[in-house]
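The values are calculated or read from the model by the stated rules, or taken from the named source; none is laboratory data. In this text the structure is predicted, and so the values were computed from the model without any measurement. So basically every Cβ, Gly included, is an ideal-geometry build from the backbone, and we count neighbours across all protein chains shown.
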Amino acid sequence: MSVALAEQGAFAPSAQDKTLLRFITCGSVDDGKSTLIGRLLHDSKSLFEDQLATLRADSLRSIASDQEIDFSLLLDGLAAEREQKITIDVAYRFFATARRSFIVADTPGHEQYTRNMVTGASTASLAIVLVDARKGVLTQTRRHAYLASLLGIRHLVLAVNKMDAVEWRQARFAEIVQAFRAFAEDLNLQDITAIPLSALLGANVTSPAVQMPWYAGPSLLTHLEEVPIESQSLRQEPFRMSVQWVNRPNADFRGFSGTIAAGTVRPGEWVRVLPSGRQTHVARIVTYDGDLAEAIAGQAVTLTFADEIDCSRGDMVAAANAAPEIADKFQATLVWMVEAPLRPGRSYWLKIGRKTVVCTVTLLKHRVDVNNLAEQQTTLLQLNEIGVCHISLDQAIPFDPYVENRETGGFILIDRVSHATAAAGLLHFALRRSQNLHWQAVDVDRTVRAAAKEQRPALVWFTGLSGAGKSTIANLVEKRLHALGRHTYLLDGDNVRHGLNRDLGFTDADRVENIRRVAEVGRLMVDAGLIVLASLISPFRADRAAARALLNEGEFFEVFVDTNLSIAEQRDPKGLYRKARSGALRNFTGIDSPYEVPESPELRVDTSLTSAEDAAEQVIAALRAAGIIW
């Protein structure tokens, strides 16, 4: 039977009453992670075989025949990892004893694979940090303990491995434990258990080691069987459930389905739906096997309410008398997971629970050196780096601090262009100003303002290389619109740098902020009912996507002014290419800073083949076709 099948529940009939412990192993290269996992699995094999007898008779033969293959393949794979001297990705393995089932994540030890450890630790309740008894506590040991603490793991096993290599000496074990505890004093770890062992010889892994009579504590496996599990403590917390979908098979039934993140719920109890704040009480707890009298953390259920109230996917159902906070601005920690660095001002999708909102990192306070926990000033986050920042959302969300609930306080950031997971995040607290600032409703809105001007407002965004002809074309388009009686304004990239953006340079970070400010000004002018023309190089797709996201559907019109780089250099109206080629001008788009070509612009004009006048006429025709002018 494959490990994948085991994780999917092949042992469920025999283990349905057991608890499941998810844990990770981490440590430096050659500390013995793979050997330890292999030993746990090998020595637990007989326990697997004992449980096979309880499985259904019709599946016994196929599972038992696969069982022999499974362990040989698994141990061969671990041996291959040892030969390569490195584990690149996170490998998950399943095993079980008569008392508990386990899923272990074998996470890599190198700093460049911090994101892999974060992935493995995000759902773990316990971390085994291996230390080579010969080497003692290393920089990697401290890094792994910090990451475990950061990610909410409260139970840690300091597994001092290779005790046979130091002649099983108690003094050496005590020395390592003292050094580790001194470092861990400032970490939020509720429980640290130190266990001396030899994974290679199996000493103190699944059974007590006769070689260390001075050690009176449990073996590693015994401790794993007895340690409290996070899901059990979550049952004592206030009720929380993120709505995954609204279930309405017929007109007489309307249920709200999801997995309970914390607490318990019973029919008749009052709950609050957030962020709306509407209250009702639970009518039924529905499952495939019938209604429940009580549901607890970790269960997937469908709730029905006594009242018809608005509740949608992504909303949170919470205990009415202990509801979480609601805010749209936070301090958070980010673990960066992609090659393209994080730059403040750029927007992403933030997914928390089942809800997805637009998020902008407004301030990067510092990054954390995971080797010594030092806080370092920085303007961006690179791959595998961890930073503390301020984030702003486009709408308020309910949340709990991550230290209180990993489900309702943890999130991911998603790149809006590539849709790749850019970061894992932890919410700490709402910024005070987010609770004091409220959107002021006004009676004269963009619709009224546009109607007074007898036009449809829009932001026409001209993008392209320097020298492509953006400003020339935008100027001609505005003249034609003015002749048609339209109310317009032109935001030119050079002009705004004389005032609004005079404090910004041309680094990638400054370019991001430059575009963000112009986009926000453009949004305000569209709200005023104007047709706004913005002419900027705007080299990054993500920033143009963020500008588009500020406006309603159909109000953003992207014009890609395309031309060959060699032609743009020949034109060089401001002499900028010449300066860039000579080294006198740094971070110039097209030379030593990239330009990301639009993938789906509303209009593309090729100025290597078309005159500026003809290009302007193409823009006017496209605006007519889009219904922006008539």
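Looking only at residues of the range 363-402 that are among the acidic types (Asp, Glu) and in a strand (DSSP E or B), we find that the one that is farthest from Trp336 (Cα to Cα) is Asp394. Condition check: under 31 Å from the mean Cα position of the chain (by Cα) and surrounded by 17 or more Cβ atoms within 10 Å (Cβ to Cβ). Does Ala458 satisfy that? Judged against the criteria, Ala458 is not a match.
Could you tell me whether Ala528 is small (Gly, Ala, Ser), under 26 Å from Arg446 (Cα atoms) and either in the same structural domain as Trp349 (by TED's automatic domain parsing) or out of contact with any Pro (no Cβ under 9 Å at 6 or more places or on another chain) (or both)? No; evaluated as a whole, the condition is false for this residue. Considering only residues that are outside any loop (DSSP other than H, G, I, E, B) and over 42 Å from the mean Cα position of the chain (by Cα), look in the range 603-614 and name the one that is farthest from Thr472 (Cα to Cα). For the range 603-614, the residue satisfying everything is Asp614. For first residues located in the range 164-192 and free of Cβ contacts under 8 Å to residues at least 24 places away in the same chain, partners that are surrounded by 15 or more Cβ atoms within 10 Å (Cβ to Cβ) and of a type in the set (A, V, I, L, M, F, W, C) and lie 6+ apart or on another chain with Cβ distances below 7 Å form the pairs Val177/Leu158; Val177/Ala194; Arg181/Ile192.
Looking only at residues of the range 590-602 that are small (Gly, Ala, Ser) and part of a loop (DSSP other than H, G, I, E, B), we find that the one that is farthest from Val619 (Cα to Cα) is Gly590. Quick check on Val417: is it of a type in the set (Val, Ile, Thr) and not in a loop (DSSP other than H, G, I, E, B)? No; evaluated as a whole, the condition is false for this residue. Could you tell me whether any residue of the range 281-301 is within 29 Å of Leu431 (Cα to Cα) and under 22 Å from the mean Cα position of the chain (by Cα)? No, that holds for no residue. Filtering the range 531-587 to residues that are farther than 20 Å from Pro598 by Cβ and among the aromatic types (Phe, Trp, Tyr) leaves only Tyr577. Counting only helices (runs of 4 or more DSSP H) that fall entirely inside the range 505-589 and contain at least 1 residues that are among the hydrophobic types (A, V, I, L, M, F, W, C), under 25 Å from Val619 (Cα atoms) and in contact (Cβ under 8 Å) with a residue 12 or more places away in the chain, the qualifying elements are 508-527, 541-549, 565-571. Test Asp164 against the criterion of being acidic (Asp, Glu) and closer than 21 Å to Ser44 by Cα, and give yes or no. In short, no.
Inspection of the range 166-175 identifies at least one residue that is at pLDDT 90 or above, outside any loop (DSSP other than H, G, I, E, B) and either among the acidic types (Asp, Glu) or buried (at least 21 other Cβ atoms within 10 Å of the Cβ) (or both). Of the residues making up the range 121-142, those that are surrounded by fewer than 21 Cβ atoms within 10 Å (Cβ to Cβ) and among the β-branched types (Val, Ile, Thr) are Thr123, Thr139. Considering only the range 160-169, I want to know if a residue exists there that is closer than 22 Å to Pro228 by Cβ and out of contact with any Phe, Trp or Tyr (no Cβ under 7 Å at 6 or more places or on another chain). No: zero hits.
Matching residues to (1) outside any strand (DSSP E or B); (2) assigned by TED's automatic domain parsing to the domain that holds Thr123; (3) of a type in the set (Phe, Trp, Tyr); (4) under 30 Å from Ala127 (Cβ atoms):
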residue	(1), (2), (3), (4)
Tyr215	yes, yes, yes, yes
Gly255	no, no, no, no
Ala283	no, no, no, no
Leu303	no, no, no, no
Glu308	yes, no, no, no
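Considering only residues in the range 569-594 that are over 20 Å from Val512 (Cβ atoms) and among the polar types (S, T, N, Q), the one that is modelled with the lowest pLDDT turns out to be Ser582. For the range 241-291, the set of residues classified as aliphatic (A, V, I, L, M), over 14 Å from Ala319 (Cβ atoms) and without any contact (Cβ under 8 Å) to a residue 40 or more places away in the chain consists of Ala251, Ala283, Ile285, Val286, listed by residue number. Suppose we keep only residues that are under 13 Å from the mean Cα position of the chain (by Cα) and surrounded by fewer than 19 Cβ atoms within 10 Å (Cβ to Cβ) within the range 334-353. Which one would you say is farthest from Pro238 (Cα to Cα)? Step by step, filter the range 334-353, then rank; the result is Val338. From the list Leu476, Leu484, the one residue that fits, being touching an Asp or Glu at 6+ places or on another chain (Cβ under 8 Å) and either within 23 Å of Asp572 (Cβ to Cβ) or surrounded by fewer than 19 Cβ atoms within 10 Å (Cβ to Cβ) (or both), is Leu476. Looking only at residues of the range 296-314 that are hydrophobic (A, V, I, L, M, F, W, C) and touching a helix residue (DSSP H, G or I) at 6+ places or on another chain (Cβ under 9 Å), we find that the one that is surrounded by the fewest Cβ atoms within 10 Å (Cβ to Cβ) is Ile296. Has the range 56-65 got any residue that is at pLDDT 50 or above, surrounded by fewer than 16 Cβ atoms within 10 Å (Cβ to Cβ) and either outside the structural domain of Lys18 (by TED's automatic domain parsing) or farther than 20 Å from Gly202 by Cα (or both)? For the range 56-65, residues at pLDDT 50 or above, surrounded by fewer than 16 Cβ atoms within 10 Å (Cβ to Cβ) and either outside the structural domain of Lys18 (by TED's automatic domain parsing) or farther than 20 Å from Gly202 by Cα (or both): absent. Among what's in the range 107-141 and is at pLDDT 85 or above and charged (D, E, K, R), pick the residue that is farthest from Glu407 (Cα to Cα). Per the stated criteria, the residue is Arg134. Being crowded, with 20+ Cβ neighbours inside 10 Å and of a type outside the set (D, E, K, R) holds for only one residue in Leu187, Leu151, and it is Leu151.
Determine whether Ala621 is out of contact with any strand residue (DSSP E or B) (no Cβ under 8 Å at 6 or more places or on another chain), farther than 24 Å from Asn514 by Cα and modelled with pLDDT of 80 or more.
For Ala621, the condition - out of contact with any strand residue (DSSP E or B) (no Cβ under 8 Å at 6 or more places or on another chain), farther than 24 Å from Asn514 by Cα and modelled with pLDDT of 80 or more - is met.
Take Val118 and tell me if it is under 17 Å from Leu158 (Cβ atoms), touching a residue at least 12 places away in the same chain (Cβ under 8 Å) and aliphatic (A, V, I, L, M). The answer is no for Val118.
Looking at this structure, is Glu225 closer than 24 Å to Ala145 by Cα, surrounded by fewer than 18 Cβ atoms within 10 Å (Cβ to Cβ) and in contact (Cβ under 8 Å) with a residue 60 or more places away in the chain?
Against the criterion (closer than 24 Å to Ala145 by Cα, surrounded by fewer than 18 Cβ atoms within 10 Å (Cβ to Cβ) and in contact (Cβ under 8 Å) with a residue 60 or more places away in the chain), Glu225 qualifies.
You will find that of Glu596, Glu569, Glu555, the residue that is touching a strand residue (DSSP E or B) at 6+ places or on another chain (Cβ under 7 Å) and in the same structural domain as Gly505 (by TED's automatic domain parsing) is Glu555 and no other.
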